[in-house]
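Note sheet for the following structure.
The values are calculated or read from the model by the stated rules, or taken from the named source; none is laboratory data. Just so we're clear, the structure is a prediction, and the values are computed from it rather than from any experiment. In this analysis, Cβ positions are derived from the backbone assuming ideal geometry, glycine residues included, and neighbour counts consider all displayed protein chains.
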Amino acid sequence: MKHRVLYEGAFALLQVEMEKGESVKAESGAMVSMSPTIDLKGTVDGGIMRGLGRMLSGEKFFFQELVATRGRAEALLAPSSMGDIQSIELDGTYKLLVQKDGFLAGTSGIEVNTKMQNLARGFLSGEGFFIIEISGRGTVFLSSFGAIHAVNLAPGEEMIIDNGHLVAWPDYMDYKIEKASKGWLSSVTSGEGIVCRFRGEGVVLIQSRNAAGFGSWIKRFIPTSG
C-alpha cells in the first residue's frame with residue numbers, strides 16, 4: 001500500500017492508495033475523504049474486550065475500516081488534534097508502546113491492544129493504568145500534538161523525557177517513571193512533576209507540544225462566571 005504524509009507539521013494529512021482488496025483501519029472519525037470504490041464500516045477489531053481495553057486507555061471503542069472492494073482507491077485520513085503524522089514499519093519482532101491518542105491508522109496485519117502498566121507507573125504517569133500496545137507486521141501511522149522528534153539512544157545511554165511529550169517507544173526499552181526533581185515540592189513547582197527515564201538502546205518518539213499544558217494555557221482566556 002502506498003502512502004504519503006501531506007502538509008507535514010501542524011496540520012498533516014495521511015494519503016493512502018490501495019489496490020483492490022486492500023484495507024486500512026483507523027481511529028473512529030479519521031476519514032476526511034475517500035474514493036467511491038471504498039466500503040467504510042465501524043469495527044471493534046478483536047472483540048468487545050479489546051474494545052473496552054482501548055476505552056480504558058483513552059482511545060475510542062470502535063475503529064473504522066476502509067476496504068477497497070471495487071477497485072483501486074485513495075483515502076485521506078486525519079487525527080483529531082493539530083500535529084504531525086509519522087509511519088513506522090513493524091516486522092513482528094517487537095511491540096510498539098504508544099501513549100493515548102497516538103494511534104491514527106494501520107495496515108492489515110497490525111493489531112492494536114492495550115497494555116496495563118504496573119500500579120505505580122499508572123498512578124504516577126498521569127496517563128492512567130493502560131497504554132496502547134501495537135504489534136504484528138505492517139505499517140502503523142502515529143499522530144502527535146505538535147511535531148514528532150526521534151530521540152536515538154545508544155546502548156546504556158539514558159534520557160529523561162517529560163511524560164506529557166511521549167508518543168511511542170519499543171517494548172524492549174527499559175524505562176521507569178520518577179519525580180522530575182529530588183523532592184516532590186520541587187518537582188511540582190518546577191512545572192514538570194513526573195518524567196520518564198529511558199535507557200537505550202532504542203528510539204523514543206516525542207512530541208514538541210504538551211496537550212495538557214496547551215489546555216491549561218487555553219483556560220486562561222475562557223471567561224468564568226461570577
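Assorted remarks:
- Residue match in the stretch 175-196 (condition: at pLDDT 85 or above, out of contact with any Lys or Arg (no Cβ under 6 Å at 6 or more places or on another chain) and β-branched (V, I, T)): yes
- Of all positions in the stretch 74-85, none carries a residue that is out of contact with any Gly (no Cβ under 7 Å at 6 or more places or on another chain), surrounded by fewer than 18 Cβ atoms within 10 Å (Cβ to Cβ), assigned to a helix (DSSP H, G or I) and modelled with pLDDT under 90.
- Subset of the stretch 2-42 that is over 21 Å from the mean Cα position of the chain (by Cα) and not in a strand (DSSP E or B) - its residue that is surrounded by the fewest Cβ atoms within 10 Å (Cβ to Cβ): P36
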